[in-house]
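First comes the structure, then the notes that go with it.
The values are calculated or read from the model by the stated rules, or taken from the named source; none is laboratory data. Everything quoted here is computed from the prediction, not taken from an experiment. Glycine also receives a Cβ, built like all others from the backbone with ideal geometry; neighbour counts cover every protein chain displayed. Just the protein is used for accessible areas: all its heavy atoms, side chains included, with ligands, DNA and RNA removed. Shrake-Rupley method; radii C 1.70, N 1.55, O 1.52, S 1.80 Å.
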Amino acid sequence: MLFLGLTLAALAGAVAATILAVRGLRGVFRRQSGRLWAAALLVGAGAVAVYAWGLLNLGYAVMRAEDGGTGASPIEPCREVGPQVARMVDGYGVSLFPMHFECHLTGGGSYVTSSVPGYVTPATVALGLIAVICAALATRTAEKTRPPVA
């Protein structure tokens, strides 16, 4: 069920990123004064797309972890550290921010796998902040250039 939720969220993120990108590109080509809004939309689309990519990777790791059958133990994403540690894995956890797949050990403790690329969270945060700054500057610029109400 978690796999389905992550996959649907990744799909929704891809659709949202596409809509933002199209609106941003239309803004670039249509009006001269709306360039900051267009930049905010395009950078926001990048932030959403990177996060959606991370969700897709996370969903794939969950799918491999929940796959039963021959070779299902230890959990496949948790095998990257070696067989001695992987044998002690008794479960897994998922974090959406910062995005990672975590393997839980029998004696307590856990470790993060490389299932989700390490750049997903920093890139999402950086692009999101840039988008917010562009939107704030666009709002401020629009307020300054707005004609006074009589």
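Please tell me if VAL50 is touching a Ser or Thr at 6+ places or on another chain (Cβ under 9 Å) and either not basic (Lys, Arg) or not in a helix (DSSP H, G or I) (or both). Against the criterion (touching a Ser or Thr at 6+ places or on another chain (Cβ under 9 Å) and either not basic (Lys, Arg) or not in a helix (DSSP H, G or I) (or both)), VAL50 qualifies.
Taking segment 13-35 as the range and being open to solvent by less than 60 Å² (accessible area, probe 1.4 Å) and part of a helix (DSSP H, G or I) as the test, the residues that pass are GLY13, ALA14, ALA16, ALA17, LEU20, ALA21, GLY24, GLY27, VAL28. Tell me, yes or no, whether segment 79-90 has at least one residue that is open to solvent by less than 50 Å² (accessible area, probe 1.4 Å) and touching a Gly at 6+ places or on another chain (Cβ under 9 Å). No, that holds for no residue.
I'd like to check something: does segment 38-54 contain any residue that is touching a strand residue (DSSP E or B) at 6+ places or on another chain (Cβ under 9 Å), surrounded by fewer than 16 Cβ atoms within 10 Å (Cβ to Cβ) and either at pLDDT 90 or above or among the small types (Gly, Ala, Ser) (or both)? No, that holds for no residue.
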